[in-house]
Amino acid sequence: MTVVENTFSEKNVAYYFDASFSYLDEIVERDNTILITDENVFELHQQKFDDWKTIVIKAGEEHKHQATVDFIINRLIELEADRKTFIVGVGGGVVTDITGYAASVYMRGLKFAFVPSTILAMVDAAIGGKNGVDVGLYKNLVGLIKQPEFILFDYSLLQTLPNEQWVNGFAEVIKHACIKDAMLFSVLEKYSLNDFRKDPLLLAELIEINVTIKTAIVVIDEFEQADRKLLNFGHTIGHAVENLHHILHGHAVSIGMVAACNLSEQINGFHFEEAIRIVKLLTKYHLPVDIETEYEKVFEVLKMDKKRIKNEVNFILLNKIGEAVIKSVKLDDLHKHLKEIL
Ligand code: NAD
């Protein structure tokens, strides 16, 4: 196990890499701690939850809403949680997002931490302190930024992760490579998903590189005034198609990244050659690169995007692999471009 301390504005956050779930006992007081997980993780890893007070929520994005927060709060009251209670979210991004939010609002804020259990949560959702819930069609519309006390990475949890969730998580890995790390992009071109699944050392290294990329971005811009926006590459159109078509987050981001590459071409007026490499890599990792959708409906959802300011939406576009830029696009122009690219 290696421990890395990261300094965020409000606190230091410890990352326990290559740790074991049982190490939790060393860092929290069991009597004072409540775990939050979802029904799938609970069933597949039941023995890990033995003797821990645990709140089990329903699995899936469709349960990442206020009603689940209310359920958690009622269970916290039943379990007599007080201001000294420590909360640990054990699960995928839905669990970590909702745990951070529920813990932050219960009694005006309890301390919390995460044990991410999907690739996506390990490389992305658990990192950076953003948490919250969806409201109807609108993803993550309600929430706040608050850092966990620590994140414990137990890679053995991934042994039960279904194939489609491995694929899902690699969309964010490819995103990190696209926006910040051309070398990582080449590494991903060299290996396959199966190589990472079969080789624990290769996987551990990949996760740690991705955690480091995201953390470095968040540490310098925790409240998304500048560089943190780059992490939204693929997410603007991605979120819209995710909610309209109820597809996996990673699939939506993959489609969104290709759409953003095409948008780069439309806006800059020249051929973005590296888009071909990106489409090839996404396809290699079994991710979809387009979807049949109605551009008018996508546009309607985009108008409500959190990244819209008055009549402009911020898009993340690529100059080249490993280098992303923020570009503000007028809604009228976006409407015109969407017709071309979707
Ligand atoms: P998820 O939490 O829904 O998990 C996917 C599925 O895998 C679920 O069915 C879950 O029960 C199951 N699962 C989890 N761990 C498992 C395991 N070890 N073995 C078997 N099954 C397991 O989804 P996700 O893809 O992890 O996360 C997506 C969510 O993360 C979205 O809501 C997205 O908005 C959010 N997210 C947040 C941030 C952030 O910065 N806060 C960043 C990216 C994504």
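The values are calculated or read from the model by the stated rules, or taken from the named source; none is laboratory data. Bear in mind that the values here come from a model prediction, so they are computed numbers and not experimental data. Reconstructed Cβ throughout: ideal geometry from the backbone, glycine too, with neighbour counts over all protein chains shown. Heads up: the accessible areas ignore ligands, DNA and RNA and are worked out on the full protein's heavy atoms, side chains in. Shrake-Rupley method; radii C 1.70, N 1.55, O 1.52, S 1.80 Å.
Key figures
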{"read-out": "Between the stretch 109-125 and the stretch 268-342, the Cα center-to-center distance that results, in Å", "value": "28 Å"}
{"read-out": "Taking the chain and dividing mean pair separation by its residue count, relative contact order in percent (alpha carbons under 8 Å, at least six apart)", "value": "15 percent"}
{"read-out": "Percent accessible area from carbon and sulfur atoms, the stretch 2-160, protein chains only, probe 1.4 Å", "value": "48 percent"}
{"read-out": "Among the listed pairs 130/180; 229/339; 11/146; 64/130; 303/336; 146/214, those beyond 18 Å (Cα-Cα)", "value": "130/180; 229/339"}
{"read-out": "Principal-axis tilt of helix 235-245 within the chain, Cα atoms, nearest 10 degrees", "value": "80 degrees"}
{"read-out": "Peptides 191-201, 252-262, 279-289, 329-339 ordered by average Cβ neighbours within 10 Å, highest first", "value": "252-262, 279-289, 329-339, 191-201"}
{"read-out": "Three-way shape call for the chain based on the alpha-carbon gyration tensor, with the a/c threshold at 1.5", "value": "prolate"}
{"read-out": "Helix 200-220 axis, angle to the chain major axis (alpha carbon atoms, nearest 10°)", "value": "80 degrees"}
{"read-out": "10 Å Cβ shell holding at most 15 others, DSSP loop, GluC sites (Glu not before Pro): longest site-free stretch of the chain", "value": "81-272"}
{"read-out": "Heavy-atom surface of the chain, accessible at 1.4 Å and reported per residue (Å²)", "value": "44 Å²"}
{"read-out": "Helical mean residue ellipticity (222 nm; -39500 (n - 2.57) per DSSP H run of 4+; nearest 500) of the chain", "value": "-13500 deg cm²/dmol"}
{"read-out": "The chain: antiparallel DSSP beta bridges as a percent of all, rounded to 5", "value": "50 percent"}
{"read-out": "Degrees between helix 249-268 axis and first principal axis of the chain (Cα, 0 to 90, nearest 10)", "value": "30 degrees"}
{"read-out": "Rounded percent of accessible protein surface that carbon and sulfur make up, the stretch 185-342, 1.4 Å probe", "value": "52 percent"}
